[in-house]
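A quick write-up on the structure given underneath.
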Amino acid sequence: MCGIAGILTTQPGSADLERVLLQTQKELRHRGPDDAGLWIQPASIAAFSHNRLSILDLSSAGHQPMSTPDGALTITFNGEIFNFLELRASLERDGIQFQSHSDTEVILRLYEKHGRDCVKQLRGMYAFAIWDERDRSCFIARDPFGIKPLYFAQSAGTFIFASELRPLLSSGLVPRHIDSAALARYFLTGSMPEPHTAVDAIKLLEAGTTLIWKDGQVQQHRWWNFHFASGESSITREEAIRTTRAALVDSVEHHFVSDVPVGVFLSGGIDSTALLALAHASGRRNIQTFSIGVDDSSRDESRMARRTAEHFGTRHTEMRLDADKARELFREFLNAVDQPTIDGFNTFTVSALAREQGIKVVLSGLGGDEMFAGYPSFNKLPSLDRVSKALGPFKGIAGQALQMLSGHPPLVRLGSALCDGGTLPQLYDAFRGIFSSRHARVLARHLTGEEPPRVPDSSRDETPATPSPRDAVSVLEMSRYMRNQLLRDSDVMSMAHGLELRVPLLDVSLFHAVSSIPAQYRLEQGKQLLLAAVPEIPDWIRNRPKGGFLFPYEQWLASPDWRALFEKELGDIPVPLTNWYQRWSIFVFKRWRAAVGL
């Protein structure tokens, strides 16, 4: 896991490549504190930088940017390739010789042999750029789920990219202007939907997409998307359980590949417990686990996590958070925010804990709710969709009536969605949302001084056809809430501490296996398929009601010190604020804007 950056230009003398990339290295050092490298193409039309967190091949042979012996290809790579040993063995059988034991060199050699189709063989989380001197082009790729980010901007013949947004802003090569439409979308749903970012000129390469730069021209190609089996499959439930079990075991095994110890983030939920149970079943012992305890018994999962850790014999470490300790860490969290977010503080705190204990790699259970129907949305949204369709031409009238219920924000958002058309993606935004579309626009105008274009309609986003409404909800959860918020925050907040966070439940091989199972089994409410596939999950986790892990923000914000922290930024807001995440979204945006000087 690392921090990468690069510049491509058609005018070699127009940008001080070395100066700019040394600045990005400085700003990305938290992502890779173990080593740093810089490479400039002989004609000075391309340059890469790299900050390394050493996980595989800890020797200097893993240094990046890395070039082939003939200098024809050069790569800067962020992420991990979990099937690199199999790929390396295949390439060696073809006579290719390696200079290192790293997965980086495997990507380079795979590209050398297969060109741009190399991504179809990669199993992992990644964002990388390969300079090809043979035709002076640059090939850039991002993993299917969007686990690893890559931001880019184009201006005056220069293309610049980096693992985070802030280094691009500080380069001096990017116009510094807030995207008011993306900001409205943030207040509507809680995140900036890729490819949009908070800054007009900066885009996020979309998940499962490649980009080719050549002579100042850019072409993008989406090579991967979600696909689910039709409901006509003859597979039995027992076969579905066996398929899921085998795929889970295989994914966990691959995600433990490392030259340093691998820990586990352990909550009181099914997903992280399943990972630990599978690791234990494979013979792994003495695993380090980490959890957070809070000063609210209704939200505290630490007792459950502690009991599970004892059951599986882990070396367990716990952090206790009260309002004072949380406020202290919250100030550090604000400095780590790369884009405005309504989440991420929990990952920031538990990542700090793991890094303090000397761990550089952890597994997270993120993805289980989206893959195996762990959210209420899997039941509620199909029902709302049926109601919306039944209303037909009366959607607008019903929506206007609901919007009059100003004391009930969820109903106001639902009314706004019905007025806008009432499609399943719009209903999803209302279900997951923060503000109504009208209030989101008002906030964006108030905070930028600009009238935002109409809030982007998520129903127009590129989404694949699905065989059932529950499959459609799964795609929406994975491609919106998970990708735009959970994964983005997980990357930024773990890497703020130089910690690699791996997500075995978002493995492409696992997805291909499980997506072949019809929704009637795969998306049975309560993650029944996952529970059946991992019988080692203890009863106290298995029978626990679904709650979700949240810090007691309402309780903290009621304390004088927390309230004082927020009140200064929220005094002039022109819309009603009825809950903590509305306050949080505005507060974090204003602090982020001040930090980056916009």
For region 121-180, accessible area per residue (1.4 Å probe, heavy atoms of protein chains only), Å²: 24 Å²
For region 161-209 versus region 390-454, the gap between their alpha-carbon centres in whole angstrom: 24 Å
Convex hull of region 122-205 built on C-alpha atoms - directionally averaged projected area, nm²: 6.6 nm²
Entries of Lys325/Lys527; Lys325/Lys360; Lys203/Lys590; Lys26/Lys360 with Cα pairs more than 26 Å apart: Lys325/Lys527
Farthest toward positive dipole pole in the chain [+1 Lys/Arg, -1 Asp/Glu at C-beta], among Phe378, Leu402, Ala465: Leu402
Rounded accessible area of Lys26 (nearest 10 Å², 1.4 Å probe): 150 Å²
Residues in region 261-281 that a label on Trp540 would reach, taking backbone N under 17 Å of a point 7 Å out along Cα→Cβ: 266-274, 276-277
Region 1-70: C-alpha gyration tensor shape, a/c 1.5 cut-off, then a/b vs b/c: oblate
Solvent-accessible surface (1.4 angstrom probe) belonging to Ile45, in square angstrom, nearest 10: 20 Å²
Three-way shape label, the chain, alpha-carbon gyration tensor, a/c 1.5: rounded
For region 253-259, Karplus couplings with θ = phi - 60° (6.51, -1.76, 1.60), whole Hz, Gly/Pro x: 4, 5, 7, 8, 5, 5, 9
Reachable lysines, given that their alpha-carbon falls under 17 Å from the alpha-carbon of Lys120 and they are not under 8 places away in the same chain: Lys148
Anchor Lys395: lysines whose Cα lies under 27 Å away (excluding residues fewer than 8 positions away in-chain): Lys380
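The values are calculated or read from the model by the stated rules, or taken from the named source; none is laboratory data. This one's a predicted model, so the numbers in the text were calculated from it and none came from an experiment. Neighbour counts are summed over all protein chains in view; Cβ atoms, including those assigned to glycine, are modelled from backbone coordinates with ideal geometry. To get the accessible areas, we keep the full protein, side chains included, count just its heavy atoms, and leave off ligands, DNA and RNA. Shrake-Rupley method; radii C 1.70, N 1.55, O 1.52, S 1.80 Å.
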